[in-house]
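The structure under discussion appears below in the form of structure tokens.
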Amino acid sequence: MNRELIYLLLILGLLVIPRALQRFNIPAPITCLVFGIGAMLAWGAKTHDPVVALLSTLGISSLFLFAGLEVDLRALRRGLWPLLAHLAIRVAMLCGVAWLAWRYLDLGWQAAGLLALALLTPSTGFILDTLERLGLDEEERFWVTSKAIAGELLALAALFVVLQAGDPAQLGVSSVAMAAMLVGLPLAFIALGRWIVPHAPGSEFSLLVMVGMVAAYITYKLGVYYLVGAFVAGLIARLLRIRMPRLASNDNIHALRLFATFFVPFYFFHAGTLVSREALSWEALGMGLLITAVIVPLRVATVWLQRRVLFRGERRHSTLRVSIALTPTLVFTLVLVEILHSRFGISAALSGALVLYTTLNTLLPSLLLRMPFDVDPVDGGYLHPEDKAATANRIVEQGGSSPRGAVEADAPQGA
């Protein structure tokens, strides 16, 4: 079959079918992942296509660039002490799970640490993209968003240290390079804003994506994968919002979300093609179900208990909804499975178990917190907050009143 036709069919399949299946509460990334595994079983190594790999890189980088842009430090400061308590518990859990993996799975300490991150780190980008479909109220969305962001910031810092700590000299070089990038990125954004943007109106989005991809490539060459640099670039762009308001404007954030929406399915498809045949075994199935049965209730119970202690007036049902909404680990687990397999040589059975674990915990919120299907985009909960605000503004300009839930005043944003 003609190669161009194959690419066209792949694009149609990844962008249309997974979205259609969402009406059955199957998250689109899971469908794309299954498609990738199916393609691997059907065509083997032929699925390792450089074009798909490039589109996959654009997907994961744009997703974390968007995640960095969504960080709102003022919102995080609003819940500072509960979030610090949450992070302290998260650090204790990471250390405990890493020790258990080192002690009983015969893994090196670096691989054990990465395994703990893969099991416990919420997939912030995926969680934020699905929040509007889970029927959470404003306060619940705030805490889910804040806890997911805080957990991801901790995980990215831990990922950087763990991957480099095996070689102290490399860790020192990488730390210096990261510090230089943290200084250089704001200067690069400001220089572009002064010398290019005034002469090329509307170029802010393309410049933002370009800098994000360069930062992602830098951290990849440092050995800490694309997502760290992309996230840092987005965060810095957000911090420059006062000085360069158009760089991280709501329009640019919305445009980047749409950009990521197009490319992210290729990342999940590509991740599926990297799953080996040996990982699809009965041993992997049993191990994955065991991990899910132990880790998911542990994570839900931990968040539930800490919120019952810190927020005594919160309804039990609300506490449970926040805890369940934080369970998906899809993106982080898939990234770390690839790193663990390629750099640390974990067994195929453990790789398959982790893929099954992240698939099941990603399905959980969609199944337990699902909203009734509504074909009305104005009253429904499926619109992104920026889309809702735009809809409300258009209605107000036409002399009407804002639809219920269309405007969430001072609603915190997050990544």
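The table for this structure:
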quantity: Selection from 216, 166, 192 lying farthest towards where the dipole of the range 70-217 points positive, charges on Cβ; calculated: 166
quantity: Cα lying deepest toward the dipole's positive end in the range 3-368, options 179, 232, 301, charges on Cβ; calculated: 301
quantity: In nm, spacing of pseudo-spin labels at residue 171 and residue 103 (7 Å Cα→C-beta vector); calculated: 2.3
quantity: Scaled radius of gyration (Cα, divided by 2.2 N^0.38 Å) that the range 13-160 gives; calculated: 1.23
quantity: Label corresponding to P(r) over Cα pairs in 20 Å bins from 0, in percent when calculated from the structure given, among (i) 26, 60, 14, 0; (ii) 25, 55, 20, 0; (iii) 30, 62, 9; calculated: (i)
quantity: D_trans [Stokes-Einstein, Kirkwood Rh over alpha-carbon pairs] for the range 91-150, 37 °C, 0.692 mPa s, µm² s⁻¹; calculated: 252
quantity: Ranking of 132, 4 by count of other Cβ atoms within 10 Å, fewest first; calculated: 4, 132
quantity: Exposure proxy ranking, count of Cβ atoms within 10 Å, fewest first, for 7, 226; calculated: 7, 226
quantity: The chain - mean residue ellipticity at 222 nm from DSSP helices (-39,500 (n - 2.57) per run, n ≥ 4, rounded to 500); calculated: -25000 deg cm²/dmol
quantity: Prolate/oblate/rounded call for the range 187-342, Cα gyration tensor, a/c under 1.5 rounded; calculated: oblate
quantity: Whole-angstrom gap from the range 1-73 to the range 107-169, using each part's C-alpha centre; calculated: 21
quantity: At least 15 Å along the helix axis (C-alpha) and Kyte average at least 1.0, DSSP helices within the chain; calculated: 3-21, 28-43, 50-69, 80-104, 109-120, 168-195, 204-221, 225-239, 282-310, 330-344, 348-368
quantity: For the chain, size of Cβ-based charge dipole, Lys and Arg +1, Asp and Glu -1, in debye; calculated: 600
quantity: Loop-located trypsin sites (Lys or Arg not before Pro) in the range 295-364 whose Cβ has at most 13 other Cβ within 10 Å (DSSP); calculated: 312, 315
quantity: Gyration tensor over alpha-carbon atoms, the range 209-252, equivalent ellipsoid semi-axes in Å; calculated: 22, 9, 7
quantity: Sorted by Cβ density within 10 Å, fewest first, the residues 153, 340, 182; calculated: 182, 153, 340
quantity: Kirkwood-type radius of the range 51-132, with distances r between different C-alpha atoms, in Å; calculated: 15.2
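FYI, it's all coordinate maths here, none of it is from the lab. Keep in mind the model is a prediction, meaning the values are calculated, not measured. For neighbour counting, all protein chains shown are included, and Cβ atoms are generated from backbone atoms with ideal geometry for every residue, glycine included.
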